[in-house]
Amino acid sequence: MNSKWGSIYQELGLEPIINATGSVTALGGSIVAEEVREAMELSNDVYIPMTELEKKVGDEIAKILDVPAAYITSGAGSALTLAAAAFMAGKDDDKIQQLPNTKGMPNKILIQKRQRYWYDRCMEFSGGTLVEIGTEKGTSKNDLINAIDSETACVHYPVYEQDEVDENILSLEEVIEITHSKNKPVSVDAAGQIYPLENFGKYVKMGADFQCIAAKYMGAPHSTGIALGTKDVIDSISRHSFVGYESRRIRGIGRPHKIDRQEIIGVYTAVKRWMGLNHEERLSYEETKTLNIINELSAIDGIKVKIIDNIIGHQPFGLSLNIDSNVYKTNNHDFVELLKNSTPPIWTRVPDGEDSIIIHVFGMNIEQSNIVGKVIKDKLEELKH
Ligand SMILES: *Cc1c(COP(=O)(O)O)cnc(C)c1O
């Protein structure tokens, strides 16, 4: 790491860290890719009517992904909030200005109980209410059929193709079929589903009315996202967006979700880059960083190290680490804290609901992966019983 690494933060008295957690918002999410940065720089010193820019870039991204329509938002979270607004108020300007008061609008956002997840809250910010269907054991077709009524705004469905299929929930195909048979829309959170490339935009092609993508996962600014959907839903979303405050004199709930023209150009460039990227090279780079860490730890007893061989989604490879407390004066949780206090600090975690330390290499370069392996090895040596 060169001598200037992190100096802009050090000037402020802050300590830069090595990110061994992956693309997490708490650490800054992602690094903007070089060609994206250049395009953003070129867009900076020119003004442009934002409504036209949003429309044009949305149309171009829709073409690239072969979906009916697209819209750039301030993160996937914003896309979820705007989509919920669109499903409740549609294109009615009075209703758009009434939100988050949902009186007189369908305002229930249905979600299978077993699919509740961290970001579902974003569906409620424009005034809707999440309503769970089914139980912790599962959801049946009848549960969904009976739950949909005139107050239903949409059925929401998060997708994680890298995880094992949950046999106890309704599949997306089933949800689309049942929900559409009752003339209600389906919303999909596919924030990380950008690889394999055929998954990028797949859920709208399958018939969902809307899906989001988190552009933080593909070299765009961390603060950006993409709404994909039918022409009608994307048109609705655009009417709730920040820019309508001035361009249409309509005060929609999207105003605090403002993004800049540089960001819109950044997302456009990032999508083009992602679709043209040599993904074999990208995957091989991520695998190399992972193996750098694993190889450093290979000869150490009292730990279990396992490669994560997933390549689906936004965060390929990585490893799990388990420390035997009979061999070392530490455990997984304490060791995570200890790494945060090393120099330079290394941030990783035991994710919610897991026992192992999970190390992701998304946020590291090669040199940092070597440091991570070496620091873990050295610290463990010091802690041997
Ligand atoms: C990151 C993420 C979000 C939130 O996206 P932002 O762009 O950070 O707002 C939503 N859903 C899932 C599944 C995510 O991974």
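The values are calculated or read from the model by the stated rules, or taken from the named source; none is laboratory data. Just so you know, these numbers come straight off a predicted model, no measurement behind them. Cβ: placed from backbone, ideal geometry, glycine included. Neighbour counts: every protein chain shown. Ligands, DNA and RNA are excluded from the accessible area calculation, which covers all protein heavy atoms including side chains. Shrake-Rupley method; radii C 1.70, N 1.55, O 1.52, S 1.80 Å.
Counting the residues of segment 63-77 that are touching a residue at least 60 places away in the same chain (Cβ under 8 Å), open to solvent by 10 Å² or more (accessible area, probe 1.4 Å) and assigned to a helix (DSSP H, G or I) gives 3. Of the residues making up segment 281-300, those that are farther than 17 Å from N365 by Cα and assigned to a helix (DSSP H, G or I) number 1. Restricting attention to segment 120-131 and to residues that are within 16 Å of the ligand (Cβ to nearest atom) and either within 22 Å of N183 (Cα to Cα) or of a type in the set (G, A, S) (or both), the residue that is most open to solvent (accessible area, probe 1.4 Å) turns out to be E124. Looking for something under 30 Å from T129 (Cβ atoms), at pLDDT 95 or above and open to solvent by 30 Å² or more (accessible area, probe 1.4 Å) - is there at least one such residue anywhere in segment 13-34? No, there is no match, as no residue in segment 13-34 is under 30 Å from T129 (Cβ atoms), at pLDDT 95 or above and open to solvent by 30 Å² or more (accessible area, probe 1.4 Å).
Step by step: first the residues of segment 99-119, then only those that are free of Cβ contacts under 8 Å to residues at least 40 places away in the same chain and part of a loop (DSSP other than H, G, I, E, B), then the one that is least open to solvent (accessible area, probe 1.4 Å). Which residue is that? Per the stated criteria, the residue is T102.
For segment 326-353, a residue qualifies if it is open to solvent by 60 Å² or more (accessible area, probe 1.4 Å) and free of Cβ contacts under 8 Å to residues at least 12 places away in the same chain, and the qualifying residues are D334, E337, N341, T343, D352, G353.
S223 fails exactly one of the following numbered conditions: (1) of a type outside the set (A, V, I, L, M, F, W, C); (2) under 30 Å from R251 (Cα atoms); (3) more than 9 Å from the ligand (Cβ to nearest atom). What is the number of that condition? Looking at each condition in turn, S223 falls short on (3). For segment 135-146, check the following and say yes or no: at least one residue is under 25 Å from the mean Cα position of the chain (by Cα), among the acidic types (D, E) and within 16 Å of the ligand (Cβ to nearest atom). So far as segment 135-146 goes, no, none of its residues is under 25 Å from the mean Cα position of the chain (by Cα), among the acidic types (D, E) and within 16 Å of the ligand (Cβ to nearest atom).
Which members of segment 1-12 meet the condition of being surrounded by 12 or more Cβ atoms within 10 Å (Cβ to Cβ) and assigned to a loop (DSSP other than H, G, I, E, B)? Answer for segment 1-12, where residues must be surrounded by 12 or more Cβ atoms within 10 Å (Cβ to Cβ) and assigned to a loop (DSSP other than H, G, I, E, B): M1, W5, G6.
Here's the yes/no breakdown for (1) more than 18 Å from N168 (Cα to Cα); (2) modelled with pLDDT of 95 or more; (3) charged (D, E, K, R):
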position: I96; (1), (2), (3): yes, yes, no
position: N107; (1), (2), (3): yes, yes, no
position: L110; (1), (2), (3): no, yes, no
position: K113; (1), (2), (3): no, yes, yes
position: Y117; (1), (2), (3): no, yes, no
position: R121; (1), (2), (3): yes, yes, yes
position: I133; (1), (2), (3): no, yes, no
position: K137; (1), (2), (3): no, yes, yes
position: S140; (1), (2), (3): no, yes, no
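For segment 66-80, the condition holds for at least one residue, the condition being that it is more than 20 Å from the chain's Cα centre (by Cα) and modelled with pLDDT of 95 or more.
Residues checked against (1) part of a loop (DSSP other than H, G, I, E, B); (2) closer than 30 Å to I371 by Cβ; (3) in contact with a Pro (Cβ under 7 Å, 6 or more places away or on another chain):
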{"position": "P16", "(1), (2), (3)": "yes, yes, yes"}
{"position": "V32", "(1), (2), (3)": "yes, yes, yes"}
{"position": "V46", "(1), (2), (3)": "yes, no, no"}
{"position": "E54", "(1), (2), (3)": "no, no, no"}
{"position": "I61", "(1), (2), (3)": "no, no, no"}
{"position": "L82", "(1), (2), (3)": "no, no, no"}
{"position": "A85", "(1), (2), (3)": "no, no, no"}
{"position": "I96", "(1), (2), (3)": "no, no, no"}
